[in-house]
1. Inside the stretch 79-102, can you point out the residues that are under 16 Å from residue 116 (Cβ atoms) and out of contact with any strand residue (DSSP E or B) (no Cβ under 9 Å at 6 or more places or on another chain)?
2. Quick one: in the stretch 123-148, of everything that is assigned to a helix (DSSP H, G or I), at pLDDT below 95 and under 23 Å from residue 175 (Cα atoms), which residue is farthest from the chain's Cα centre (by Cα)?
3. Residues 165, 171: which one is under 21 Å from the mean Cα position of the chain (by Cα), surrounded by fewer than 18 Cβ atoms within 10 Å (Cβ to Cβ), touching a residue at least 12 places away in the same chain (Cβ under 8 Å) and in a helix (DSSP H, G or I)?
4. For the stretch 194-213, indicate whether the set of residues that are in the same structural domain as residue 100 (by TED's automatic domain parsing), touching a helix residue (DSSP H, G or I) at 6+ places or on another chain (Cβ under 9 Å) and more than 22 Å from residue 266 (Cβ to Cβ) is non-empty.
5. Would you mind finding the one in 110, 26, 31 that is surrounded by 14 or more Cβ atoms within 10 Å (Cβ to Cβ) and on the phi > 0 side of the Ramachandran plot?
6. With the structure loaded, tell me whether residue 83 is assigned to a helix (DSSP H, G or I), free of Cβ contacts under 8 Å to residues at least 24 places away in the same chain and surrounded by fewer than 19 Cβ atoms within 10 Å (Cβ to Cβ) or whether it fails that test.
């Protein structure tokens, strides 16, 4: 059996999304180690990916890993890191944990080579958006290793400052919930106007997907694309006029600021070394 070069601490949904993409891209399962204390989760991992090395607790096999992916809940990190520390100090550390700052990760693992990332749930289907920050000790080659690990989950964006991850959290980390929120509203409106819930859902989801695809392919800013749909005195104009009169855009901007502030607070709570 080949020695693992990649280890995960935590085997939940996000770890599964990253792991699934890597194995689908051809990485051998026996080259990956997962530390997962919960027996049902371990059984699910080994059933889904035969050959995967799954441990109930950390042991010396972790020392073979060149890259360790931390995928536990932030409040459980210190307890999870303590038994791993003797084995992971020479590895590159990649955190997918919200809020935990890199100083805390470096202190707990004994490695200054830490990359933090903020993925979102579409990563589960390879359509995610992940923001990343690397500490100064991380080399360009190591950034490339991280990109290889995360690229199957979707798009990647490096930020210059660790504090910028709080804004990433507010925009893309929490962002899928905003889309689902608006889809909910459109489905409710569809039913109120006499359509079925299924018809409203299909119309809403296709509209969001198509508009996002059009915006991605266009060099025009969103405001210009919006204006092209809006004829003065028409139906879209009526809807947008109502939204503007009720300051919906400003309220939405305020909501994003609230999400960012909460990310800062979580960092203060869980992220100190």
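1. Hit for the stretch 79-102 is 99, nothing else.
2. Ranking the candidates gives 125 first.
3. Numbers: 165 fails: surrounded by fewer than 18 Cβ atoms within 10 Å (Cβ to Cβ).
When all the criteria are applied, what remains is 171.
4. Within the stretch 194-213 (the criterion being in the same structural domain as residue 100 (by TED's automatic domain parsing), touching a helix residue (DSSP H, G or I) at 6+ places or on another chain (Cβ under 9 Å) and more than 22 Å from residue 266 (Cβ to Cβ)), the answer is no, since none of the residues qualifies.
5. On the way: 26 fails: surrounded by 14 or more Cβ atoms within 10 Å (Cβ to Cβ); 31 fails: on the phi > 0 side of the Ramachandran plot.
That would be 110, the only listed residue that is surrounded by 14 or more Cβ atoms within 10 Å (Cβ to Cβ) and on the phi > 0 side of the Ramachandran plot.
6. Details: assigned to a helix (DSSP H, G or I): yes; free of Cβ contacts under 8 Å to residues at least 24 places away in the same chain: no; surrounded by fewer than 19 Cβ atoms within 10 Å (Cβ to Cβ): yes.
For residue 83, the condition - assigned to a helix (DSSP H, G or I), free of Cβ contacts under 8 Å to residues at least 24 places away in the same chain and surrounded by fewer than 19 Cβ atoms within 10 Å (Cβ to Cβ) - is not met.
Okay, residues lined up against (1) under 21 Å from residue 172 (Cα atoms); (2) at pLDDT 95 or above; (3) in contact with a helix residue (DSSP H, G or I) (Cβ under 8 Å, 6 or more places away or on another chain); (4) surrounded by 11 or more Cβ atoms within 10 Å (Cβ to Cβ):
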{"site": "229", "(1), (2), (3), (4)": "no, yes, yes, yes"}
{"site": "236", "(1), (2), (3), (4)": "no, yes, yes, yes"}
{"site": "257", "(1), (2), (3), (4)": "yes, yes, yes, yes"}
{"site": "263", "(1), (2), (3), (4)": "yes, no, yes, yes"}
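Conditions (1) farther than 21 Å from residue 150 by Cα; (2) touching a residue at least 12 places away in the same chain (Cβ under 8 Å); (3) part of a loop (DSSP other than H, G, I, E, B), marked per residue:
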{"residue": "69", "(1), (2), (3)": "no, yes, no"}
{"residue": "75", "(1), (2), (3)": "yes, yes, no"}
{"residue": "78", "(1), (2), (3)": "yes, yes, no"}
{"residue": "94", "(1), (2), (3)": "no, yes, no"}
{"residue": "100", "(1), (2), (3)": "no, yes, yes"}
{"residue": "103", "(1), (2), (3)": "yes, yes, no"}
{"residue": "108", "(1), (2), (3)": "yes, yes, no"}
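The values are calculated or read from the model by the stated rules, or taken from the named source; none is laboratory data. It should be emphasised that the depicted structure is a prediction, and the values quoted were computed from it without experimental measurement. For neighbour counting, all protein chains shown are included, and Cβ atoms are generated from backbone atoms with ideal geometry for every residue, glycine included.
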